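Reviewing the structure listed below.
The values are calculated or read from the model by the stated rules, or taken from the named source; none is laboratory data. Predicted model only: the values in this text are computed from it and were never measured. FYI the Cβ positions are ideal-geometry reconstructions off the backbone, even for glycines, and counts take in every protein chain you see.
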Amino acid sequence: MRNKIIKALKNLEQEKNIRILYACETGSRAWGFASEDSDFDVRFIYVHNIDWYLSLDEKPDTISIMLEDRELDLVGWELRKTLRLMKKSNASVFEKLDSPEVYIKDDDFLKVINSYKNEVFSPIAVMYHYLSMCKNVFSKVENEEKYSLKMLFYSLRTALASKWVLDKKSIPPIVFNTLVKELDFDLKLKERITLLLVLKSSVDEKYLHDDEEELIAFIRETVDLCNLKAKDLSAAKNKNVNLDFILKSAIFDSEYKE
């Protein structure tokens, strides 16, 4: 599939007259808890040629396409949009940049954009992002007799990402196992999560699960604590960081210098 993905991305470059600076896997395959039938969630950052930017008209800044009978989901963000979101400490941008599965990358671009992550990282903004996501997916699990194992893991991932922000005051890693291993919580729960990861890899998305009262209680307690402490978290170190030079350098395909 990797070769198909890279070929699809290269075809998009030709069809859309763009240059892809970075492309990676996100979703369950990047998080580390894919099921047998999980699709491929490929996300990419791209730049247009100079003429696209020299216009009074607002133009689409997202490319979205489904391929391979909906098995391959390609979504790209134009670089200016990406940088604007990054300045707002958008957690989705951070996750992309931390993906363990990279399909295309401009090394110079990746090095410079990564060097600004900690400058724009706002613990309070990222905390509320993950808490909001957790509340949304956890509602599909918390009071149900049977529930999607996928939703349980989505709830665990976002709860642990919130806990990471609270405990470590840093950007949460995208890989789920890193969250589990490096955060401090009950060892028996960690062992149970490990067993469930094995189960999830062997069943399809339609599988329904039950009887994880301790994990559900843990998620609830984690969310409640993070909700209580979130307001005390700080904003970004540098709200006024100027990332214009990254956009300009990418457009002109030149050296990344301020």
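Points to keep in mind about this one:
- Some residue of segment 128-141 being touching a Leu at 6+ places or on another chain (Cβ under 8 Å), at negative phi and surrounded by fewer than 20 Cβ atoms within 10 Å (Cβ to Cβ): no
- All positions within segment 115-146 that are part of a helix (DSSP H, G or I), of a type in the set (S, T, N, Q) and within 21 Å of Ile193 (Cβ to Cβ): Asn136
- Inclusion of Asp37 among residues that are of a type outside the set (Gly, Ala, Ser) and either free of Cβ contacts under 8 Å to residues at least 60 places away in the same chain or closer than 30 Å to Glu119 by Cα (or both) is not warranted.
- For the criterion of being more than 30 Å from Asn238 (Cα to Cα), more than 15 Å from the chain's Cα centre (by Cα), in a loop (DSSP other than H, G, I, E, B) and not acidic (Asp, Glu), Ser64 fails.
- Test: Leu74 is out of contact with any Lys or Arg (no Cβ under 6 Å at 6 or more places or on another chain), modelled with pLDDT of 95 or more and not acidic (Asp, Glu): yes
- Which numbered condition Asn118 misses (of (1) more than 21 Å from Lys168 (Cα to Cα); (2) in contact (Cβ under 8 Å) with a residue 24 or more places away in the chain; (3) loosely packed, with under 15 Cβ neighbours inside 10 Å): (1)
- Only helices (runs of 4 or more DSSP H) whose full extent lies in segment 147-258 are considered here, and the ones with at least 2 residues that are of a type in the set (Val, Ile, Thr), in contact (Cβ under 8 Å) with a residue 60 or more places away in the chain and crowded, with 19+ Cβ neighbours inside 10 Å are 213-230.
- Those residues of segment 5-28 which are under 28 Å from Lys200 (Cα atoms) and either modelled with pLDDT under 95 or of a type in the set (Val, Ile, Thr) (or both), in sequence order: Ile5, Ile6, Thr26, Gly27, Ser28
- Pair list, Cβ under 9 Å, 6 or more apart: segment 92-109 residue in the same structural domain as Phe44 (by TED's automatic domain parsing) and more than 22 Å from Lys10 (Cβ to Cβ), other residue of a type in the set (D, E, K, R) and crowded, with 18+ Cβ neighbours inside 10 Å: Ser92/Arg43; Glu95/Arg43
- Residue match in segment 89-104 (condition: touching a strand residue (DSSP E or B) at 6+ places or on another chain (Cβ under 8 Å), on the phi < 0 side of the Ramachandran plot, exposed (fewer than 15 other Cβ atoms within 10 Å of the Cβ) and assigned to a strand (DSSP E or B)): yes
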